[in-house]
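Here the structure comes first, spelled out in structure tokens, and everything after it is commentary.
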Amino acid sequence: MGLSLVQSRALLGLEAASVTVEVHLANGLPSFTLVGLVETEVKEARERVRSALQNAGLEFPNNKRITVNLAPADLPKDSGRFDLPIALGILAASGQIDNAKLAGHEFAGELSLSGELRPVRGALAMALALHTRGVATRLVLPLESAQEAALVPGGEVYGAKHLLDVVRQFVATDEEASQLPDTADDGWARIVAVPDTNPPRYADLAEVKGHTGVKRVLEIAAAGGHSLLMVGEPGSGKSMLAQRFAGLLPAMNIDEALESAAVASLGGRFATERWRVRPTCAPHHTASAVALVGGGSPPRPGEISRAHHGVLFLDEFPEFARSALESLREPLETGTITIARAARRAEFPARFQLVAAMNPCPCGYLGSSSRPCRCTPEQV
Ligand SMILES: [Zn+2]
């Protein structure tokens, strides 16, 4: 047969839209074409898939005209996540694996030239989108991504280390499976997350000596969810106190933990040891408005979304660009940020607690007993 269909997902914000990878093999001048509004990263999949199939000891249909369509065509797609579904589509279309067995599975994974599977961005966000929409499907992902995705309750997630591990599951007969080249070890497994029952550890406010008044204010701000501005001379402990603020907040419930982890996973920054830990994001004051609130094409979350259900700490507050600070208004009120770029629009959650710190004047010692202030009145 010359046509195969493999299911995958594209990511746009926290939405994971279904993508069908259609592969058609025809007779004609040998070629390998990718269509369906694909970005450069996806176009490079051609070379990776070709090398991965050949190096894994599988057959690449060199003498065929290969057309790969990622449908729907109007949905933008980025990154190498479609390597694995494209490779499987080619194998199914050329009869090396059983097309019927692929039904009910969704695949995502980047391939190395040797056929190893590399983790993809946003695996947890993808699993969460499936969970909230009530889509029942088996997700097949690279091992690291599968461990991330398995944190979402109720999903069926399989992890694999190598393309051959996946291929072995979908060949038509056991006899064909035995003819496949051997991999070092069996990398295929159903991944079930083991919930960590230990409460997350934060830096403790009790470690800070003195500062009784400030600690009281921090506690009140944490209890009421108020934004906070600390003014004090350099070295007075503002940053140290702010870094301990997240430890005052109540433990995350599972929904908060999932949302927070999904945003981190979109930025490729999620680590399992950060599970259920309230994030503290402290962008530098040279950060642009885009870095702070998110942006780019396709839209990526900014620091305020990474601080979702956690703390956004802005040290040297007056040094931030005015446009960057102004852009915080909307998310502070609504708890979400909508990023619109020419054709694409994405919404990210951004419910964070703002803690800001500043020196009382440019030199930092206005009103200090230890040193005189050297600033002019205009500067102050
Ligand atoms: Zn001064």
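The values are calculated or read from the model by the stated rules, or taken from the named source; none is laboratory data. Note that the coordinates shown come from a computational prediction; the quantities given were computed from them, not determined experimentally. Cβ sites come from the backbone with ideal geometry, for glycine too, and all protein chains shown count toward neighbours.
How many residues are without any contact (Cβ under 8 Å) to a residue 60 or more places away in the chain and of a type in the set (A, V, I, L, M) when one looks only at the range 91-116?
Total meeting the criteria: 2.
Is it the case that some residue within the range 172-186 is over 24 Å from the mean Cα position of the chain (by Cα), surrounded by 14 or more Cβ atoms within 10 Å (Cβ to Cβ), among the hydroxyl-bearing types (Ser, Thr, Tyr) and more than 20 Å from Met358 (Cα to Cα)?
Scanning the range 172-186 turns up at least one residue that is over 24 Å from the mean Cα position of the chain (by Cα), surrounded by 14 or more Cβ atoms within 10 Å (Cβ to Cβ), among the hydroxyl-bearing types (Ser, Thr, Tyr) and more than 20 Å from Met358 (Cα to Cα).
Does at least one position in the range 333-340 carry a residue that is more than 22 Å from the chain's Cα centre (by Cα) and either hydroxyl-bearing (Ser, Thr, Tyr) or assigned by TED's automatic domain parsing to the domain that holds Val263 (or both)?
yes
Residues to consider are Glu47, Glu156; find the one that is in contact with a Ser or Thr (Cβ under 8 Å, 6 or more places away or on another chain) and surrounded by fewer than 19 Cβ atoms within 10 Å (Cβ to Cβ).
Glu156
Residues that are surrounded by 14 or more Cβ atoms within 10 Å (Cβ to Cβ), closer than 27 Å to Val152 by Cβ and more than 18 Å from the chain's Cα centre (by Cα): does the range 203-225 have at least one?
Scanning the range 203-225 turns up no residue that is surrounded by 14 or more Cβ atoms within 10 Å (Cβ to Cβ), closer than 27 Å to Val152 by Cβ and more than 18 Å from the chain's Cα centre (by Cα).
Check Leu34 against each of (1) of a type outside the set (Ser, Thr, Tyr); (2) modelled with pLDDT under 85; (3) more than 24 Å from Ala262 (Cα to Cα) and name the one condition it does not meet.
For Leu34, the exception is condition (2).
Within the range 1-114, considering only strands (runs of 3 or more DSSP E) that don't extend past its boundaries, which have at least 2 residues that are over 26 Å from Thr173 (Cα atoms)?
The qualifying strands (runs of 3 or more DSSP E) are 3-12, 15-26, 31-35, 65-71.
From the residues in the range 159-169 that are touching a residue at least 60 places away in the same chain (Cβ under 8 Å) and touching a helix residue (DSSP H, G or I) at 6+ places or on another chain (Cβ under 8 Å), which one is surrounded by the fewest Cβ atoms within 10 Å (Cβ to Cβ)? Let's see the steps before the verdict.
Kept after step one, since they are touching a residue at least 60 places away in the same chain (Cβ under 8 Å), are these residues of the range 159-169: 162-164, 166-167, 169.
Retained after the next criterion (residues that are touching a helix residue (DSSP H, G or I) at 6+ places or on another chain (Cβ under 8 Å)): 163, 166-167, 169.
Values: Leu163: 28, Val166: 26, Val167: 25, Gln169: 15.
Taking the candidates together, the pick is Gln169.
Counting only residues that are farther than 23 Å from Ala222 by Cβ, small (Gly, Ala, Ser) and out of contact with any Gly (no Cβ under 7 Å at 6 or more places or on another chain), how many does the range 296-339 have?
Count: 6.
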